[in-house]
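Down below is the structure, laid out as structure tokens.
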Amino acid sequence: EERDQFGVRTTYAYDADQGTTRRWLTAFDRIYKVLRDQPADSAVQPHDGTTFWVGTRNMGVVRCQLQGDSLVLLRQYALPRSGRGTHYSVYDLHQDPSGLYVATSNGLFLLSPNDTMQALHASWEIQSGEGAFRPLVVSDIRPLHNGNLVCASASGVLSIDTRRRQSHLLLRGNCTSLSLSGDTILALCGDSIKALLPDDPVMTGQISAV
């Protein structure tokens, strides 16, 4: 929720748990995703339920702590080796023992438990002598039964091997939305919905009417 008061925009995040809804104040212009932090090793990293990951517009992925009724910024994460710094948007987040998967306006990245970020699917370019990741929208990260992930991207449907920390294309083309129906991946590409399985070769998939 966003509200303007005296020219200042205030954005709220909501938590719905067991029929109770709580509103939290944030310092962000717009929020696309809020995810409660779940450390891979809770014995090493005690978790009290107050730490959250937030996907923002133009402020990157942010780690926050709930203090009272506010999500307080603890740290912003810059894109690796890039002049963009924290000036990118985050559309989806997914966490598993290998780290935090971050779907951004400039590709797919993995933030490991030791706070290092690596590119899994991105395009690098040099502009005015400075390196940067090109715009490449990634969204809709979905977990598969085998522990791997799929997501939508401007390149197509991405499959992510979480053990090897590698990605490859299942389907080429601008995919703007993705969902799962059992083991079948349903991808919105242009004005068509394409259905495919995780082990399909590139460029395959059945087209159903929209």
Return only the number of the condition from (1) open to solvent by 60 Å² or more (accessible area, probe 1.4 Å); (2) assigned to a loop (DSSP other than H, G, I, E, B) that Gly49 does not satisfy. (1)
Just give me the residues in segment 142-158 being part of a strand (DSSP E or B) and open to solvent by 10 Å² or more (accessible area, probe 1.4 Å), in sequence order. Arg142, Pro143
In the list Leu66, Leu71, Leu79, which residue meets the criterion of being modelled with pLDDT under 95 and either open to solvent by 60 Å² or more (accessible area, probe 1.4 Å) or assigned to a loop (DSSP other than H, G, I, E, B) (or both)? Leu79
Residue count, segment 163-197 (criterion: among the charged types (D, E, K, R), in a strand (DSSP E or B) and either more than 21 Å from Ser105 (Cβ to Cβ) or without any contact (Cβ under 8 Å) to a residue 12 or more places away in the chain (or both)): 1
Any idea which of Thr116, Thr104 is closer than 30 Å to Gly147 by Cβ, β-branched (Val, Ile, Thr) and open to solvent by 60 Å² or more (accessible area, probe 1.4 Å)? Thr116
Residue pairs, Cβ under 9 Å, 6 or more apart or interchain, first in segment 61-84 and within 20 Å of Ser105 (Cβ to Cβ), second among the aromatic types (Phe, Trp, Tyr) and open to solvent by 50 Å² or more (accessible area, probe 1.4 Å). List them. Arg81/Trp124; Ser82/Trp124
Within segment 58-112, which residues are charged (D, E, K, R) and more than 13 Å from the chain's Cα centre (by Cα)? Arg63, Asp69, Arg75, Arg81, Arg84
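The values are calculated or read from the model by the stated rules, or taken from the named source; none is laboratory data. Computed from a predicted model, the values in this text were never measured in an experiment. We place every Cβ from the backbone using ideal geometry, glycine too, and count neighbours over all the protein chains shown. For accessibility, only protein heavy atoms count, side chains too; no ligands or nucleic acids. Shrake-Rupley method; radii C 1.70, N 1.55, O 1.52, S 1.80 Å.
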